[in-house]
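The values are calculated or read from the model by the stated rules, or taken from the named source; none is laboratory data. Quick caveat: nothing in here was measured; it's all calculated off a predicted structure. Because the Cβ atoms are built from the backbone with ideal geometry, glycine has one as well, and the counts that use them run over all protein chains shown.
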Amino acid sequence: MLKKEAKEITGGLSKPSKMPGPSYNLPAQGCITGAKLQAVPGSVCEECYALKGRYNFSNVRLALARRMESLKHPQWVLAMTVLIKDEPHFRWHDSGDLQSSWHLKRIFEVCEATPETSHWLPTRERKFLPLSTDSIPKNLMIRMSSHMIDQKPVKSWPWTSTVSTGSFTCPASKQGNQCLSCRNCWSREVANVSYPKH
């Protein structure tokens, strides 16, 4: 499959300037847990960045909707593999989240087909994750995100992320809002990554 066809099938990848590689985003309006948290004061999703700014441009909204619809395409796994192959790092969902266990299974298939790529998937959808981490591809880091600002890491998953109004470990805000050499989000050796509230 050529990259042109892969882009047509998947809606293409996004290129966050902060990240060391591309990402794949879905509409934040389609978040299952996140959509509920948007109405909860003090939640991380209350002031969701993916519902503001450029995310409201019509062309961006259309692109996000195309990507959501593309999840059903029978060649989605192959197309994503073509686009991600040879990328050293990849982030799933710089906006949006898992839609189902079947969605996660397809992500597993993409990860297995791109063994040289380090994948990172942040999520709030614990119900879609496997009971054991043994079935997760070794090149995929899944981080469970705490729902509330200043909430401690969840205990139901070994790798987590939190948002804090106090101390934090993510260095991006101190280095031009970029990851630069940091790869903690992708590392299984880092139990929790804390981000500053912004």
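Some notes on this structure:
- On inspection, Val110 qualifies as without any contact (Cβ under 8 Å) to a residue 40 or more places away in the chain and either surrounded by 17 or more Cβ atoms within 10 Å (Cβ to Cβ) or over 17 Å from the mean Cα position of the chain (by Cα) (or both).
- Test: residue in the range 121-137 that is modelled with pLDDT of 95 or more, over 20 Å from Gln38 (Cβ atoms) and either among the small types (Gly, Ala, Ser) or outside any loop (DSSP other than H, G, I, E, B) (or both): yes
- Scan of the range 60-107 for residues that are among the hydroxyl-bearing types (Ser, Thr, Tyr) and either within 16 Å of the chain's Cα centre (by Cα) or closer than 20 Å to Gln29 by Cβ (or both), ordered by number: Ser70, Ser95, Ser100, Ser101
- The conditions of being in contact (Cβ under 8 Å) with a residue 24 or more places away in the chain, in a helix (DSSP H, G or I), of a type in the set (A, V, I, L, M) and surrounded by 13 or more Cβ atoms within 10 Å (Cβ to Cβ) are not met by Ala35.
- Residue pairs meeting the criteria (Cβ under 7 Å; at least 6 apart or on separate chains; first more than 30 Å from Ser181 (Cα to Cα), in the range 62-90; second in a helix (DSSP H, G or I) and of a type in the set (Ser, Thr, Tyr)): Ser70/Thr10; Trp76/Thr10; Trp76/Ser70
- Here the condition is being touching a Cys at 6+ places or on another chain (Cβ under 8 Å) and among the aromatic types (Phe, Trp, Tyr); of Trp102, Trp120, Trp92, it holds for Trp120 alone.
- Counting the residues of the range 44-63 that are at pLDDT 90 or above and in a helix (DSSP H, G or I) gives 0.
- Those residues of the range 2-13 which are in a loop (DSSP other than H, G, I, E, B) and surrounded by 13 or more Cβ atoms within 10 Å (Cβ to Cβ), in sequence order: Gly11, Gly12, Leu13
- Within the range 181-195, being surrounded by fewer than 17 Cβ atoms within 10 Å (Cβ to Cβ) and closer than 17 Å to Pro22 by Cβ holds for one residue alone: Arg183.
- Unique match (being outside any helix (DSSP H, G or I), surrounded by fewer than 18 Cβ atoms within 10 Å (Cβ to Cβ) and in contact with a strand residue (DSSP E or B) (Cβ under 8 Å, 6 or more places away or on another chain)) among Pro41, Pro16, Pro74, Pro20: Pro16
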